[in-house]
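Here the structure is laid out as structure tokens; the discussion comes afterwards.
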């Protein structure tokens, strides 16, 4: 499975266009992480726990998108985009979407 | 007496935020400058398609992300500043740090793939504070940079 945010896969030709696929996940910060981040808030800087949390979520969203692409018979996803939204206090939705295609 | 104690506590937090937060920021900026210099040979473009006529071996999605939070002093200073309006310089440096860190991490990911170019780079920023209306929430934001890393044939 090839993932790219370009409109084509360099060096290959798109032979079939299979439509939009997407994957998303909603995660909340767990209490331990939130506590450390709360302490960190006085001194600022990178909140490593949240960086990791969102990276894990994004990997999961990509996995779900890839699973959808596979289900419709694609072997690549082009024009991939990400979006994150804060849906409730302490919870974030991470989403990945793109166009599933068959390349040769 | 109680009031004095509370004021003292706030002053203590401000001092901690100002000293540790300031030192962290300066350290981060100098580390960024060094890492950016090391990664200078990886070219980053926000063009949507790579130039015709160059053959590429493979394309992979690469990304870099970071969550950065404000310190107590910045929050206090920004609160004062936004009363009068104008440029919030304490937040500008925060956004700058976050975005540069995301680019550096994306470039590091590209280097691990053996790539020398990243095309169609996009940025995204989202606020992770509890609520927009929640004054007690401390501002933190996630910065991501992503693009397609290409390895020349």
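The values are calculated or read from the model by the stated rules, or taken from the named source; none is laboratory data. Owing to the predicted nature of the structure, the values given are computational and were not obtained by experimental measurement. Glycine also receives a Cβ, built like all others from the backbone with ideal geometry; neighbour counts cover every protein chain displayed.
The figures follow:
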item: The listed residue being touching a helix residue (DSSP H, G or I) at 6+ places or on another chain (Cβ under 9 Å) and surrounded by fewer than 16 Cβ atoms within 10 Å (Cβ to Cβ), out of A:48, A:40; result: A:48
item: Check on residue B:59, more than 28 Å from residue A:55 (Cβ to Cβ) and crowded, with 18+ Cβ neighbours inside 10 Å; result: no
item: Residue among A:86, A:63 that is part of a helix (DSSP H, G or I) and without any contact (Cβ under 8 Å) to a residue 60 or more places away in the chain; result: A:63
item: Residue that is modelled with the highest pLDDT [pool: residues in the range A:1-51 that are at the interface with chain B (Cβ under 7 Å from one of its Cβ atoms), over 26 Å from residue B:57 (Cα atoms) and in a strand (DSSP E or B)]; result: A:46
item: Failed condition for residue B:41, given (1) under 30 Å from residue B:120 (Cβ atoms); (2) within 19 Å of the chain's Cα centre (by Cα); result: (2)
item: Some residue of the range B:98-113 being in a strand (DSSP E or B), in contact with a strand residue (DSSP E or B) (Cβ under 9 Å, 6 or more places away or on another chain) and crowded, with 19+ Cβ neighbours inside 10 Å; result: no
item: Verdict on residue B:54 being closer than 30 Å to residue A:7 by Cα, in contact (Cβ under 8 Å) with a residue 40 or more places away in the chain and in contact with a helix residue (DSSP H, G or I) (Cβ under 7 Å, 6 or more places away or on another chain); result: no
